[in-house]
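Written below as structure tokens is the structure these notes are about.
Every number here is computed from the coordinates shown, using simple stated rules; none is lab data. Keep in mind the model is a prediction, meaning the values are calculated, not measured. Cβ placement follows ideal geometry from the backbone for every residue including glycine, while neighbour counts extend to all protein chains displayed.
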Amino acid sequence: MEQYQHLNAIILRSRDYKEADQLLTIYTREQGKLTVQVRGVKKTNSKLRGGILLFSQAELVVTAGKAFPIVTGASTITAFASLRSDFVRMSYAGYAAELLDRVISEGPADEELYLFMLQTLQLLEFIDPWVAVRYLELKILERMGYPPELTHCQQCGVRLSGEKQRAVYGGLLCRSCALHESAGIVLSQEGRTFLQALSYVPLHRLGWLYISKEGRASVETFMDLQMQQVLSYPLKTRDFLRKMNM
Ligand SMILES: [Zn+2]
């Protein structure tokens, strides 16, 4: 007897497979990241096509397959319609999905990470998308065990003061520790305040956060450095967003 399983999934990526099939990379609440096969989805009469929208939340029914689990049923739970009609927001959703795909390997489920990705897609519908993806980056760093330390010196532990701080993997340095550190970059006071707010401001108020163009540049440089701890090389979608924002 065949075993069917219901999965709550976020569709991160799709690619063509064989003649009429697709492979989907999904992040599920029940099993973490998975690759599943959707048969015949490129045929016009495919019943599955409407239920596997990119960057949507869907309920999938899967059964065991030869190479990959096979999707036998798909229905959209949340389509994130406001995101779908906006090219810029869709581009940011593409970055969020690539980020999760690249940082997480197939393995045990992480329900919190699933919820963070859902929250990010919800935020991407309404608030400044730049803020929404910084939220996801911060949450991923926290889940992976690399929360950036923003209040105390990463080396000696003294409480940080002053306008800007030199940043290294894991956080910031006080003035005297920074003297011995030639590498690293600088995080502005505005950037630091923004990142601190990002970790404690309730989700429904994230849309109120303001940050200047200079502050954004500083935060991006800082987060790039921190993300290097969990990513081996930069993401294509991130470079695309940079060019779009120039
Ligand atoms: Zn120090």
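Rounded to the nearest 500, what is the 222 nm mean residue ellipticity of the chain from helices alone, with -39500 (n - 2.57) per DSSP H run of 4+ residues and division by all residues?
Numbers: 8 runs with 94 residues, N = 246.
My calculation for the chain gives -12000 deg cm²/dmol from helical runs alone.
Extension gain for residue 19-residue 88 works out to 21.7 nm (0.36 nm per residue, less the C-alpha to C-alpha distance). When you count the other C-beta atoms within 10 angstrom of each residue and take the mean per peptide, 225-234, 34-43 line up highest first as 34-43, 225-234. A cut-off of 5 Å between modelled amide H atoms, ignoring neighbours fewer than 5 places along the same chain, links residue 33 with 28, 107.
May I ask you to order 122-130, 146-154, 207-215 by the average number of other C-beta atoms within 10 Å around their residues, highest value first? Before the final figure, lay out each step's value.
Working: 122-130: 19.2, 146-154: 17.2, 207-215: 13.3.
Top of the packing list down: 122-130, 146-154, 207-215.
Counting alpha carbon pairs within less than 8 Å and at least 6 residues apart, what relative contact order, in whole percent, applies to the stretch 1-145? List each step's numbers first, then the result.
Values: 268 pairs, mean separation 32.7, N = 145.
Reported as a whole number, the value is 23 percent.
In a DSSP loop and with at most 12 other Cβ atoms within 10 Å, the GluC sites (Glu not before Pro) in the stretch 1-77 are 2, 19.
Measure up 18/42; 164/213; 18/47; 213/236 against 20 Å on the Cα-Cα distance and list the ones that go over.
On the way: 18/42 10 Å; 164/213 16 Å; 18/47 18 Å; 213/236 22 Å.
Pairs exceeding 20 Å: 213/236.
With all projection directions averaged, the alpha carbon convex hull of the stretch 143-220 covers 5.7 nm².
Each residue of the stretch 138-152 was assigned a 3J(HN,Hα) from its phi angle through the Karplus curve 6.51 cos²θ - 1.76 cosθ + 1.60 (θ = phi - 60°); the sequence is 5, 5, 5, 4, 5, 5, 8, x, 10, x, x, 7, 10, 10, 10 Hz, with glycine and proline shown as x.
When only alpha carbons of the chain are considered, Rg and Dmax amount to 20.1, 68 Å. Rounded to the nearest Hz, the phi-derived 3J(HN,Hα) couplings of the stretch 87-102 under the Karplus curve 6.51 cos²θ - 1.76 cosθ + 1.60 (θ = phi - 60°) are 4, 5, 5, 4, 5, 5, 5, x, 5, 4, 5, 5, 4, 4, 4, 7, where x marks glycine and proline.
Label-to-label distance for residue 209 and residue 176 is 3.2 nm, based on points extended 7 Å past Cα in the beta-carbon direction.
When DSSP beta bridges are restricted to pairs lying wholly in the stretch 34-121, around 90% turn out antiparallel.
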